[in-house]
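Each remark here refers to the structure printed beneath this line.
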Amino acid sequence: MLLLSLFTTFWLSLFGTPADTIQKVVVRQVTITGNFRTKERIIRREMDVHTGDTLTQPILDSLLEYDRRKVLNTNLFLTVELKKKPIKDTLSFPFYTADGKLIAGPKIIDIEVVVKEQWYLLTFPVFQLADRNFNEWWYERGRDLSRTIYGVYILHQNLTGNNDRLRLRAEFGFIPRLDIYYSIPYLGKKQKLGMSVGIARITNRTLAYRTRADKLIFLGSEDRTRERIAPFLTFTYRPKFYGYHSFSAQYSITKVVDTIARINPNYFLNGINRQKYLQLSYSHYFDRRDRAQYALKGFLYGFYVSKTGILPKDDVNILEAGADWGQFIPLSKKFFFNYYTEMKVSTPARQPFLQTRGLGYGTDLVRGYELYVIDGQHYGYVKTNLRYQLLNRTFNLSKFIKFRQFNTFPLAIYPNIYADFGYVKNKYPELNNSKLANRPLVGAGVGLDIVTWYNFVGHINYSVNQLGEARPYFSFGREF
């Protein structure tokens with residue numbers, strides 16, 4: 001029987017087999033366990049396999065693996081398992097087609113979706129740095145502890161069991177901030193519409209009012225130098241599993257002290273100290289990665305269009321568009337390669353300093369240039385990585401920790417090498433004496449990525465750039 005099975009597998013892999021000679025599998029029912037708070041319909045929304053489906057075994061196995069990834073990518077669960085349970089008391093009889101071909105009778109199974117929920121209510125004190133990243137604070141700001149933000153952060157990631165989120169953040173210290181945010185991804189019976197609404201109020205005492213030689217220049221003050229309030233509303237449309245459409249509206253009012261407007265008239269342009277505008281934007285995003293937080297295979301792409309300045313009396317008039325593409329390719333069981341590219345264009349060329357964003361903010365950077373801010377109206381970059389999976393295990397700590405949300409400890413470690421390339425186009429480099437705009441940027445290095453509890457990702461990199469600078473850098477969170 002073993003030889004016959006091996007021969008059959010080899011034959012099918014070479015020549016395939018007609019659809020009517022493959023044994024079918026009937027899914028009698030799909031049950032869900034472990035979802036103490038999450039509504040069943042939220043999980044079923046992510047699944048292609050349903051009660052009553054009749055599929056071939058290879059197609060069923062493929063769909064179940066994709067369904068497991070989709071449920072896991074809701075970020076509601078620590079672990080997700082999809083178990084096939086054959087029904088022993090149901091007979092499968094072989095039968096013949098009209099032309100005499102032998103067909104195995106349908107196999108009947110149950111599917112059990114076993115999930116382990118996260119701890120959804122997170123309340124913890126905030127203590128973080130006010131600078132763009134840890135590296136700027138460490139190398140450029142002299143590790144000044146006065147440049148810190150403290151407060152409280154409250155987040156419920158599954159408020160009503162519908163994967164809806166409520167966030168309240170109250171911060172003080174270097175940059176006081178207060179914001180409240182609520183989002184629900186599934187509205188209506190078809191669960192294709194979603195909505196987010198929120199408002200943020202941010203004040204600054206010390207403020208980056210310009211850049212010089214691609215470094216942020218700050219004005220320090222004991223009084224408030226800038227205050228901003230920004231309500232927003234976003235609607236999302238998700239017709240299937242992997243693609244998203246978003247429509248957003250945001251109104252922003254920002255005020256700065258007269259000193260800022262005087263020492264940098266281009267902060268809002270024309271020396272004004274108040275800026276208001278309505279911004280409308282549309283974006284489309286398609287994500288087929290196996291794990292959004294740290295992907296090893298799959299791909300993603302997206303694009304957006306944004307118009308800042310809709311109303312007649314708005315102080316800003318900018319049209320902006322961007323696109324990105326990334327691919328994650330397993331080379332073997334342990335080696336993985338990925339690349340990610342992004343570009344942005346905008347018009348007109350003369351823009352307020354506050355809106356002229358190039359590379360250096362967030363994850364939009366060439367590694368090796370973490371200490372620089374390269375302003376410009378257009379930019380593009382490519383990041384490449386080759387990773388090795390040194391460790392990927394999940395430890396069961398139930399003997400020591402009784403809370404089910406914390407007794408599973410995943411840990412993955414990936415040494416890697418990388419090379420990045422970028423370019424920023426700035427029509428007015430003389431305004432900030434930029435040395436890095438309008439020239440190719442290259443950075444490369446070696447790194448160590450650590451992936452663990454609750455989608456935490458830590459990066460330790462040692463980078464070299466084309467300026468000859470070489471040093472370690474540290475960062476947290478996803479790269480893209």
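The values are calculated or read from the model by the stated rules, or taken from the named source; none is laboratory data. Keep in mind the model is a prediction, meaning the values are calculated, not measured. Neighbour counts run over all protein chains shown; Cβ positions are idealised from the backbone, glycine included.
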Filter region 270-290 for residues that are buried (at least 17 other Cβ atoms within 10 Å of the Cβ) and part of a loop (DSSP other than H, G, I, E, B) and give the result.
288, 289, 290
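Looking at 216, 207, 193, which is the one that is within 21 Å of residue 361 (Cα to Cα), of a type in the set (A, V, I, L, M) and in contact with a Ser or Thr (Cβ under 8 Å, 6 or more places away or on another chain)?
207
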Name the pairs whose Cβ atoms lie under 7 Å apart, with the first residue in region 186-204 and under 29 Å from residue 257 (Cα atoms), the second assigned to a strand (DSSP E or B) and of a type in the set (Asp, Glu), and 6 or more positions between them or separate chains?
198/179; 199/179; 200/179; 201/179; 203/227
Out of all the residues in region 398-418, is one or more over 21 Å from residue 80 (Cβ atoms), crowded, with 16+ Cβ neighbours inside 10 Å, touching a Ser or Thr at 6+ places or on another chain (Cβ under 8 Å) and assigned by TED's automatic domain parsing to the domain that holds residue 335?
yes
Please go through region 415-451 and give me each residue that is closer than 14 Å to residue 359 by Cα and among the small types (Gly, Ala, Ser), ordered by number.
422, 434, 437, 443
Residues being surrounded by 17 or more Cβ atoms within 10 Å (Cβ to Cβ) and of a type outside the set (Val, Ile, Thr): count how many of those fall in region 245-268.
11
Candidate set from region 231-240 (those that are assigned to a loop (DSSP other than H, G, I, E, B) and touching a residue at least 40 places away in the same chain (Cβ under 8 Å)); member that is farthest from the chain's Cα centre (by Cα)
239
Residue in region 397-419 that is in contact with a Gly (Cβ under 9 Å, 6 or more places away or on another chain) and among the β-branched types (Val, Ile, Thr) present:
yes
Residue count, region 322-349 (criterion: more than 15 Å from residue 424 (Cα to Cα) and of a type outside the set (A, V, I, L, M, F, W, C))
11
So, of the residues in region 296-317 that are under 23 Å from residue 278 (Cα atoms) and of a type in the set (Ser, Thr, Tyr), which turns out to be farthest from the chain's Cα centre (by Cα)?
308
Exactly one of 333, 297, 344, 313 is charged (D, E, K, R) and buried (at least 17 other Cβ atoms within 10 Å of the Cβ), and that residue is 344
Unique residue being of a type in the set (D, E, K, R) and either outside the structural domain of residue 355 (by TED's automatic domain parsing) or in contact with a helix residue (DSSP H, G or I) (Cβ under 7 Å, 6 or more places away or on another chain) (or both) when the list is 315, 290
290
Within the group 422, 443, which residue is buried (at least 16 other Cβ atoms within 10 Å of the Cβ) and in contact with a Pro (Cβ under 8 Å, 6 or more places away or on another chain)?
422
Quick one: residue 366 ticks every box in (1) more than 21 Å from the chain's Cα centre (by Cα); (2) surrounded by 14 or more Cβ atoms within 10 Å (Cβ to Cβ) bar one, so which box is it?
(1)
Matching residues in region 390-409 (in contact with a Phe, Trp or Tyr (Cβ under 6 Å, 6 or more places away or on another chain) and either under 27 Å from residue 297 (Cα atoms) or modelled with pLDDT under 80 (or both)) number 3
Name the residue that is nearest to residue 228 (Cα to Cα), counting only residues in region 255-269 that are part of a helix (DSSP H, G or I) and touching a Leu at 6+ places or on another chain (Cβ under 8 Å).
260
Are there any strands (runs of 3 or more DSSP E) wholly within region 1-103 with 2 or more residues that are at pLDDT below 60, and if so which?
none
Evaluation of residue 153 against (1) within 21 Å of residue 357 (Cβ to Cβ); (2) under 24 Å from the mean Cα position of the chain (by Cα) (one fails), failing number:
(1)
If residue 430 meets every condition in (1) touching a helix residue (DSSP H, G or I) at 6+ places or on another chain (Cβ under 8 Å); (2) surrounded by fewer than 15 Cβ atoms within 10 Å (Cβ to Cβ) apart from one, which number is that one?
(1)
